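Below: the structure, in structure tokens.
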Amino acid sequence: MRCQPHCENPVYIWLKNKQHCLLCDEAADADTPLCMACETELPWLGDQCITCALPLPGSGLTCGGCLKDPPAFEQVAVPWMYGFPVDSLITRFKHNAKWPFGRLLAEVLGQFLQHRFEEDLPRPDALLPVPLATKRLRQRGFNQAAMLARWLGQQLDLPCDETILRRIHDTSAQQDLNAKARKFNLRNAFTLTPDANVQGRHFALVDDVLTTGATAQALARLLRDAGAARVDVYCLARTPKPGELA
């Protein structure tokens, strides 16, 4: 049984209506339900580590964690810090199935990524959503990372491949663990499908929030060990807590 919902029709019909800002209810300035004033006030991520996007006091720097133990992924591309109101929108999308909030965030993330592509970020060969274990997928009813990856793929004209990565162990919830426990929790949690086409390809992992980087690191290492040329990470928000690299 396929748990992932067919979400395109209700979300896209909703987006085609005359838009009012989801945050202040004023008329939106564009096709997306977000006015310019509220978009400006979102918690945009400023100076950050050039690898893991951890907030830093200056630009063009690499954080101590990435210098000491360079991750398997090349670069994290993320527009926001995990703060109000982005954190609330992500929570309502992820845990309350409010898909329009996720679609709105994906739309702005897509605009952000397109701008990065035009600057210096290489376009990947495919988007790979972070997989959920079967039990958790059935409980939630959908994988928010897969929905984000599909929307981004349509907007950016990139293939979204949900057949390469598989989560084989239903681990404890990552948000309840510290950085060390997260790494241990994810040991052997993921695998590649037997016919996965990985060799020499550039992938971008897609998820909602990057916290310690443990999930991204586990998946990137799996892909790189299988011959992937490069792995990046695209997500909606980055936690601002120092000392932590999902």
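The values are calculated or read from the model by the stated rules, or taken from the named source; none is laboratory data. Bear in mind the structure is a predicted one, so any value in this text is a computation, not a measurement. Methodologically, a virtual Cβ is constructed for each residue, glycine included, from the backbone with ideal geometry; neighbour enumeration extends over all protein chains shown.
A few points about this structure:
- Given (1) in contact with a Leu (Cβ under 9 Å, 6 or more places away or on another chain); (2) within 21 Å of LEU109 (Cβ to Cβ); (3) surrounded by 15 or more Cβ atoms within 10 Å (Cβ to Cβ), number of the condition ASP31 does not satisfy: (3)
- Residue list for segment 193-220, filter: closer than 19 Å to PRO240 by Cα and assigned to a helix (DSSP H, G or I): ALA214, THR215, ALA216, GLN217
Results for (1) at pLDDT 95 or above; (2) over 18 Å from the mean Cα position of the chain (by Cα); (3) closer than 16 Å to ALA216 by Cα, shown as yes or no for each residue.
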{"residue": "THR32", "(1), (2), (3)": "no, yes, no"}
{"residue": "CYS35", "(1), (2), (3)": "no, yes, no"}
{"residue": "CYS38", "(1), (2), (3)": "no, yes, no"}
{"residue": "LEU45", "(1), (2), (3)": "yes, no, no"}
{"residue": "ILE50", "(1), (2), (3)": "yes, no, yes"}
{"residue": "GLY58", "(1), (2), (3)": "no, yes, no"}
{"residue": "THR62", "(1), (2), (3)": "yes, yes, no"}
{"residue": "ALA72", "(1), (2), (3)": "yes, no, yes"}
{"residue": "VAL76", "(1), (2), (3)": "yes, no, yes"}
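- Residue among VAL78, VAL86 that alone is under 15 Å from TRP44 (Cβ atoms), of a type in the set (Val, Ile, Thr) and touching a Lys or Arg at 6+ places or on another chain (Cβ under 8 Å): VAL78
- Taken together, the residues in segment 138-152 that are over 13 Å from PRO79 (Cβ atoms) and surrounded by 19 or more Cβ atoms within 10 Å (Cβ to Cβ) amount to 8.
- Restricting segment 78-125 to residues that are surrounded by fewer than 19 Cβ atoms within 10 Å (Cβ to Cβ) and small (Gly, Ala, Ser), the residue that is nearest to ARG140 (Cα to Cα) is ALA97.
- Residue within segment 118-127 that is touching a Cys at 6+ places or on another chain (Cβ under 8 Å) and under 27 Å from ASP31 (Cα atoms) present: yes
- Among the residues making up segment 63-77, a single one is buried (at least 17 other Cβ atoms within 10 Å of the Cβ) and either acidic (Asp, Glu) or more than 22 Å from VAL231 (Cβ to Cβ) (or both): GLU74.
- Every condition in (1) of a type outside the set (A, V, I, L, M, F, W, C); (2) more than 26 Å from ALA97 (Cβ to Cβ); (3) in a helix (DSSP H, G or I); (4) at pLDDT 95 or above is met by GLY227 except one, and the failing one is (3).
- Condition check for ALA133: among the aliphatic types (A, V, I, L, M) and surrounded by fewer than 18 Cβ atoms within 10 Å (Cβ to Cβ): yes
- If the condition is being part of a loop (DSSP other than H, G, I, E, B) and modelled with pLDDT under 95, then segment 164-192 contributes ILE168, HIS169, ASP170, THR171, SER172, ALA173, LEU177, ASN178, LEU186, ARG187, ASN188, ALA189.
- In segment 184-205, the residue that is farthest from TRP80 (Cα to Cα) out of those that are surrounded by 16 or more Cβ atoms within 10 Å (Cβ to Cβ) and touching a Gly at 6+ places or on another chain (Cβ under 9 Å) is VAL198.
- Taken together, LEU121, LEU67, LEU113, LEU127 contain a single residue that is in contact with a Gly (Cβ under 6 Å, 6 or more places away or on another chain), over 23 Å from HIS20 (Cβ atoms) and at pLDDT 95 or above, which is LEU127.
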